[in-house]
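Student: Okay, here's the structure, questions in a sec.
Read-outs throughout are calculated quantities, based only on the coordinates presented, and are distinct from any laboratory measurement. All values derive from a computational prediction rather than experimental measurement. Please note: Cβ atoms are built from the backbone with ideal geometry, for glycine as well, and neighbour counts cover all protein chains shown.
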Amino acid sequence: MKRFFLHPVTAFLIIAGVSCKMETSNFDIRKEFFNIYKGIAVETKAITHTQVTRDQVTFTMYRNHQEPKEAIIKDNNLALLEGSKGHVVFITHGWTDHGDAEWVLEMKDSFLSTYPDIVVIAVDWREPARQVYSISSINTYDIGNIIGDTVGKLVDEHRLDIGQFILVGHSLGGQISGFAGKHLQKAGKKLQRIVALDPAGPLFDVRPVDKRLNPTDAEVVEVIHTDTGSFGFKDPCGTIDFYPNGGDFQAGCTRIDVFDASSIVDPIVCDHERSYYYFIDAVQHPKDYLVAMECTEWNFLRKVCNESNTVSMGDLTTTQTGTFYLTTNKEKPYGKKVLETADGLLDKMDKTKEAITDKASELGSSVKAGISKMGKSLSSFNFFGKSSKEE
Ligand SMILES: [Ca+2]
């Protein structure tokens, strides 16, 4: 039986996408999408935003050796983590998602198998994450504070070191990790590392820098951008920013089969989801894998790259800074053994653009309109956005 799962985000984008006129760009689709949400937010203005409380967030701890190997962590049993020597990693999901999601568990397993002494804490904030997007995006601030408070207590009351903590978050979870970092800094503690997996762009890209994920939220803020044209944050916003496959169109995400509705749906969330699949793979291969090179500019017309300055995307020890890019395989294993040259990548992106255009021509008129917009934006879109030097 063919899988057909209509993600709520996807449903909105499909409606917004196919009902737009041909000449509308991806940016316009997104703008229209969030205008709809703004409308809902205005209508529900009477419902005051209520602060998210600790009991709406569940922390599930996983570790390899010490008993219990799995436990729900509350304020009254934080002592369970006393004596932990390795990293303590929080994994936080995004909008409409939850802490038992398959990718969260896969990432947990990936960490546990690579780092024996690690403690992984899956954060579940499903209820505040299932509001209309604009409300869920506001909730990220409270969730960040709740995570920050817990980290603070583990440091102050249970003798863990602030340097042990790594906060990993996808989409709104990336923004949450930033808020946790800001909250801790008010108490004089700076996180060593945040890993933001395609951090949410909509409604955050219009905020001032201090109200969204930024390079000062931790000593190292690593950002993996995979869907800069829709759900992800476009511009560099970390100390080190990765743009796999150019940052918006991921290899293997352009499958379209006219007889399989799910294949039309999948490409829309596929780019955004790839960020966590890359990172799951990267955690298992921290060195000499998913190797990226530094670029200050990258688009179809011009590339300015330093092929001698490279870094592995899953290297949790790196303190390198800058904007890096890499290509991936279409499916797992995503890492390529050889670093692709800038010229090779340029050629590949042109081919991707052609493939999308070819596929779009096979589709019916209404769907075709939506997909063509994605194809068209490939040629007009600046894959890297502004480099930090241009800002
Ligand atoms: Ca995309």
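Student: Report ³J(HN,Hα) in whole Hz for each residue of region 193-207, in order, from the Karplus equation J = 6.51 cos²θ - 1.76 cosθ + 1.60 where θ = phi - 60°; Gly and Pro get x.
Tutor: My calculation for region 193-207 gives 8, 10, 10, 9, 9, 6, x, 4, x, x, 6, 9, 6, 9, 7 Hz in order.
Student: Compute the length gained on full extension between D117 and N77: take 0.36 nm times their separation in residues and subtract their Cα-Cα distance, giving the result in nm to one decimal.
Tutor: Numbers: separation 40, 0.36 × 40 = 14.40 nm, distance 1.96 nm.
Once the chain is fully extended between D117 and N77, it gains 12.4 nm.
Student: Something else: What ranking do T50, T114 get, fewest neighbouring Cβ atoms within 10 angstrom at the top? If you can, show how the numbers build up before the last one.
Tutor: Working: T50 10, T114 15.
With the fewest neighbours first, T50, T114 line up as T50, T114.
Student: Same structure again: Under the rule of at least 5 residues apart or a separate chain, name every residue whose amide H is placed under 5 Å from the amide H of F324.
Tutor: Counting only residues 5 or more places away or on other chains, the set is D241, F242, Y243, C295.
Student: Given a Förster distance of 30 angstrom, what is the FRET efficiency for R159 paired with E331, based on the Cβ-Cβ distance and rounded to 0.05? Working shown, then result.
Tutor: Working: r = 43 Å, r/R0 = 1.45.
Using R0 = 30 Å, I get an efficiency of 0.10.
Student: OK, next. Describe numerically, in nm with one decimal, the distance between label points set 7 Å from Cα along Cα→Cβ at K186 and at D205.
Tutor: So the two model labels end up 2.9 nm from each other.
Student: Okay, next question. What are the residues whose amide H is under 5 Å from the amide H of I166, where those residues sit 5 or more places off or on another chain and H is modelled from the backbone?
Tutor: Placed amide hydrogens put V88, V89, F90 under 5 Å from I166.
Student: Please give me the summed charge of the neighbours of V89: other residues whose Cβ is under 11 Å from its Cβ, Lys and Arg +1, Asp and Glu -1.
Tutor: Result for the neighbourhood of V89: +3.
Student: What is the extension gain from T216 to E127, computed as 0.36 nm multiplied by their sequence separation minus the C-alpha to C-alpha distance, in nm to one decimal? If you can, show how the numbers build up before the last one.
Tutor: Numbers: separation 89, 0.36 × 89 = 32.04 nm, distance 2.90 nm.
Once the chain is fully extended between T216 and E127, it gains 29.1 nm.
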